[in-house]
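The values are calculated or read from the model by the stated rules, or taken from the named source; none is laboratory data. Small disclaimer: the values here were computed from a predicted structure and weren't measured. Note: ideal-geometry Cβ built from the backbone for every residue, glycine included; neighbour counts use all protein chains shown. SASA here: full protein model, heavy atoms, side chains in, ligands and nucleic acids out. Shrake-Rupley method; radii C 1.70, N 1.55, O 1.52, S 1.80 Å.
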Amino acid sequence: MQHHDIAIIGAGLAGSLAAIALARDGHRVALIGPRPVIADGRTTALMDQSIEYLKALALWDEVEPLTAPLVAIHIIDGTKRLLRAPPVNFRAAEVSLDAFGYNIPNAPFLEILEKHEASLPTLERITAPAMTFDFGEVEVRVGLEDGRTITADLIVGADGRRSVVREAAGIETFSWSYPQTAVVLNFGHELPHQEVSTEFHTESGPFTQVPLPGNRSSLVWVQRPRDAEETLKLPTDVLSRTIEDRMQSILGKVTAEGTPQSFPLSGMTARRFGKGRAALVGEAAHAFPPIGAQGLNLSLRDVMTLVELVGRPTGGHLAADTGDRFDGRRRMDIVSRTASVDLLNRSLLSDFLPIQALRAVGLQFIASAGPLRGLLMREGIHPGSVLRSLKESLREKIGRQRA
């Protein structure tokens, strides 16, 4: 029976990045999961912290040509409500960065990761699905669909919202749904985007354009489910004109590309993010609407924490409480990000006038208060940085007083 230090269930972006990072550190890793049947037409905006991690994994040089930098983010209140928020502009230069991050198409990104997986001698790629899990005191037995059984010290669930690892580990979830569907597609446009992402907030959710290389952009259009169904049926020329109108023609004439895809929106968070010899990363641990480029960036912080927690191979078994310690390390970040995205999304959907007023006043304050805007940008790019800065400032102040 073949033994691995770590078995990762789920070979999407989060699972693949975890496998590469752990194998590069010298761990014997099994990456288990079938290849996608349908190419993922979505894109992912990775923020500065995530880009630095790709550089550390020696992946960035191959990924960068696929990407477009995000030097600014514009938020526009596109609602027709009585209380509307002012436009808010975030610029990377305000926090001394060339770009907040980069927008990357998922499908070619995953192809690059698969190539790197094949080059790592301590990483075994298994396309047979994992079917059964037997958690023991010393190791976990994983039964594969092809009849084989492997063992591992630690199981990492990177297998999405319906995670079989999470279920096998006996970890419950808290789930909720939204009356929304995200329509995603790429489009060409007449005018340059100047590396600016524009997010229109509407009564049904955000309509977000994110730059791609050249005069192209990706679109995440959150709509009511029935409206999304109608959008998917539109002929290409009508869809293109509809997008242009929604964008107030700020990019000139628009040409929709390919076939749009749609994804119902819901939220989920695991009650625990690790337990015993199991750890959950990515959408096995948390899922929420595509707002503020938080999804994969949060998942990459899961991966970074896991790699740091596991450390380098010592020749012995990984500790039986690795999952419990991972849960403690990830809880605050995941809970706070999930709550903030949920609150922002619900504030868009709410017809309750006081909620609309609070949202409008909050955005007005952010638009006019430069220092606060800078703090929010730094926190979005490097989570926890504001709190750490306040702690260091307080410690320094106390030190001066004692001196």
Everything considered on the Cα gyration tensor (a ≥ b ≥ c; rounded for a/c under 1.5, else prolate if a/b is larger than b/c, else oblate), the stretch 25-67 must be described as oblate
Ordering M268, M131, M1, M304 by the accessible surface of their heavy atoms, 1.4 Å probe, largest first, yields M1, M131, M304, M268
Expressed in angstrom and rounded, the centroid-to-centroid distance over alpha carbons for the stretch 232-306 and the stretch 20-88 is 10 Å
Which residues qualify? For R272, with a placed amide H closer than 5 Å and at least 5 residues away or on another chain, they are E172
Largest-first ranking of W176, W60 by accessible area, probe 1.4 Å, whole protein assembly kept, is W176, W60
Listed by chain and number, the aspartates and glutamates with an alpha carbon less than 19 angstrom from that of K55, same-chain partners under 8 positions apart left out, are D25, E64, D98, E111, E114, E117, D302, E308
For the stretch 64-120, the dipole about the Cα centre with charges only on Cβ (Lys and Arg +1, Asp and Glu -1), to the nearest 20 debye, works out at 520 debye
